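Below is one structure, written out as structure tokens; the observations come after it.
The values are calculated or read from the model by the stated rules, or taken from the named source; none is laboratory data. What you are looking at is a predicted structure, and each value in this text was computed from that prediction instead of being measured. No Cβ is skipped: glycine too gets one built from the backbone with ideal geometry, and neighbour counts run over all protein chains shown.
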Amino acid sequence: MVPYEAQRREVGLKPCEVGMYVYLIESTSHPGKRYIGLTTNLKRRLAEHNEGKSSHTAKYKPWKVVVAVWFEDRAKAIKFERYLKSGSGHAFANRRFWPDKSKKSTSPQ
């Protein structure tokens, strides 16, 4: 994998010219296994997770995107990702982003 700043230099971009995604993915083979990350290319990054290229996620592939938030400002994306990985951020994500398997569907059958 090419580091983020090196990728930007390859295409002639200066820092902060391109925004970033903060993404939350969940394993489809191990429900409840979750990962939060940053990327400029969500499609490519999900493929890398599903190809086992990340040591943190390889064991639980395949993965699906649950939430992806685009930030024009790279610094804000980094701060939001750090927040989501904090204690209060985990609580926020559990309430707002991750599917709640304990709730029954209210839609008619």
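Summary of computed values
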item: So TYR60, is it surrounded by fewer than 18 Cβ atoms within 10 Å (Cβ to Cβ), modelled with pLDDT of 95 or more and either out of contact with any Gly (no Cβ under 9 Å at 6 or more places or on another chain) or under 27 Å from GLU72 (Cβ atoms) (or both); result: no
item: Out of SER86, SER102, SER107, sole residue that is at pLDDT 95 or above and not hydrophobic (A, V, I, L, M, F, W, C); result: SER86
